[in-house]
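The values are calculated or read from the model by the stated rules, or taken from the named source; none is laboratory data. Computed from a prediction, not measured in an experiment: that's the story for all the values here. Cβ sites come from the backbone with ideal geometry, for glycine too, and all protein chains shown count toward neighbours.
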């Protein structure tokens with residue numbers, strides 16, 4: 001008999017911040033400070049953050065800001081030892097579901113060009129490079145690639161998103177795609 005581990009999408013809570021900080025330091029050259037997540041959770045009304053739990057351990061987290069008719073993805077992170085298991089896909093899918101719930105029309109984000117795995121993930125979800133922000137990352141003055149999705153209400157985006165959703169085996173993930 002094979003037992004499946006329980007992986008669950010859940011809203012981020014203040015008590016999750018220490019585990020998130022561990023992941024941040026593990027995977028990012030310049031992690032967000034602890035108080036940044038506290039401010040996001042308690043003071044930013046346009047922010048939405050979630051975590052991906054494997055049993056009681058957080059394996060990933062992600063967030064977005066709702067700005068006018070767009071959802072701006074602020075962060076996506078998966079514990080180094082858990083990368084390559086589809087957790088990034090699940091986090092992105094959960095963010096897109098939230099963007100639908102918030103009435104967004106588009107998604108946008110910035111990513112390091114050197115983070116090729118992340119760039120490919122975003123492209124899989126239909127994001128396209130639309131520009132660069134010169135010297136965006138202060139740790140090494142690396143540019144940021146600016147990526148946007150097509151309208152998340154376009155039939156082609158919904159079709160691609162539905163295919164991705166059907167491939168994920170994550171609890172707490174809404175499987176519906178709005179009409």
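Points to keep in mind about this one:
- Residue in region 131-138 that is assigned to a helix (DSSP H, G or I) and loosely packed, with under 11 Cβ neighbours inside 10 Å present: no
- If you go through region 83-105 and keep only what is surrounded by fewer than 18 Cβ atoms within 10 Å (Cβ to Cβ) and in contact with a strand residue (DSSP E or B) (Cβ under 6 Å, 6 or more places away or on another chain), you end up with just 102.
- Scanning region 145-159 for residues that are surrounded by fewer than 19 Cβ atoms within 10 Å (Cβ to Cβ), in contact with a helix residue (DSSP H, G or I) (Cβ under 9 Å, 6 or more places away or on another chain) and at pLDDT 95 or above returns 151, 153.
- Scanning region 56-67 for residues that are without any contact (Cβ under 8 Å) to a residue 24 or more places away in the chain and either in contact with a strand residue (DSSP E or B) (Cβ under 9 Å, 6 or more places away or on another chain) or under 15 Å from residue 149 (Cα atoms) (or both), we see that the one that is surrounded by the most Cβ atoms within 10 Å (Cβ to Cβ) is 65.
- Filter result for residue 99 (assigned to a helix (DSSP H, G or I), touching a helix residue (DSSP H, G or I) at 6+ places or on another chain (Cβ under 9 Å) and touching a residue at least 40 places away in the same chain (Cβ under 8 Å)): no
- Residues of region 64-96 satisfying the condition of being touching a helix residue (DSSP H, G or I) at 6+ places or on another chain (Cβ under 7 Å) and assigned to a strand (DSSP E or B): 64, 71, 73, 76, 77, 78
- Checked against (1) within 15 Å of the chain's Cα centre (by Cα); (2) closer than 30 Å to residue 56 by Cβ, residue 176 passes all but condition (1).
- Only listed residue being over 24 Å from residue 152 (Cα atoms) and in contact (Cβ under 8 Å) with a residue 60 or more places away in the chain, chosen from 139, 82: 139
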